[in-house]
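The values are calculated or read from the model by the stated rules, or taken from the named source; none is laboratory data. Remember, it's a predicted structure, so these values are computed and weren't measured experimentally. Positions of Cβ are generated from backbone atoms using ideal geometry, with glycine treated the same way; all protein chains shown enter the neighbour counts. The protein model used for the area step is the full one, side chains on, heavy atoms only, and it has no ligands, DNA or RNA in it. Shrake-Rupley method; radii C 1.70, N 1.55, O 1.52, S 1.80 Å.
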Amino acid sequence: QVQVVESGGGLVQPGGSLRLSCVASSSIFSMYRMGWYRQAPGKQRELVARIITGGTTNYADSVKGRFTISRDNAKNTVSLQMNSLKPEDTAVYYCNAALDLVNYWGQGTQVTVSS
């Protein structure tokens, strides 16, 4: 069983920045596909950004150019730098660790963008 724990959410004004972090307890962390998802009230959970073992990344169109995902395999962490935040980025953000058909999820961290 892999534990996934997020941190770094909070309240920020439009145009501001936040950095989310996620740590996963696995000795083979480098083999996992790591991703950030979000779920806003009344909406389905959606992929925000993903980074695979080789470092290739992909992003939702709505966050391209504003968000950056990165990983540090030595520290078992993945981060999401969020800049130029918009009210529509408000959601619970979840970290996901995936290997083959197995998925592990964190408990989520709230991000609220509001003036």
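The condition (being touching a residue at least 24 places away in the same chain (Cβ under 8 Å), in a strand (DSSP E or B) and either among the hydrophobic types (A, V, I, L, M, F, W, C) or open to solvent by 40 Å² or more (accessible area, probe 1.4 Å) (or both)) is satisfied by just one residue among 85, 47, 11: 11.
Residue 55: in contact with a Lys or Arg (Cβ under 8 Å, 6 or more places away or on another chain), assigned to a loop (DSSP other than H, G, I, E, B) and open to solvent by 20 Å² or more (accessible area, probe 1.4 Å), yes or no? Criteria met by residue 55.
Scan region 63-79 and tell me whether some residue there is farther than 16 Å from residue 12 by Cβ, β-branched (Val, Ile, Thr) and in a loop (DSSP other than H, G, I, E, B). No: zero hits.
Across region 19-44, what is the total count of residues that are more than 21 Å from residue 91 (Cα to Cα), part of a loop (DSSP other than H, G, I, E, B) and either touching a Gly at 6+ places or on another chain (Cβ under 6 Å) or free of Cβ contacts under 8 Å to residues at least 60 places away in the same chain (or both)? Break it down stepwise before answering.
From region 19-44, those more than 21 Å from residue 91 (Cα to Cα) are 24-33; that's our starting set.
Narrowing the set further to residues that are part of a loop (DSSP other than H, G, I, E, B) leaves 25-28, 32.
Remaining after also requiring either touching a Gly at 6+ places or on another chain (Cβ under 6 Å) or free of Cβ contacts under 8 Å to residues at least 60 places away in the same chain (or both): 25, 27.
Number of matching residues: 2.
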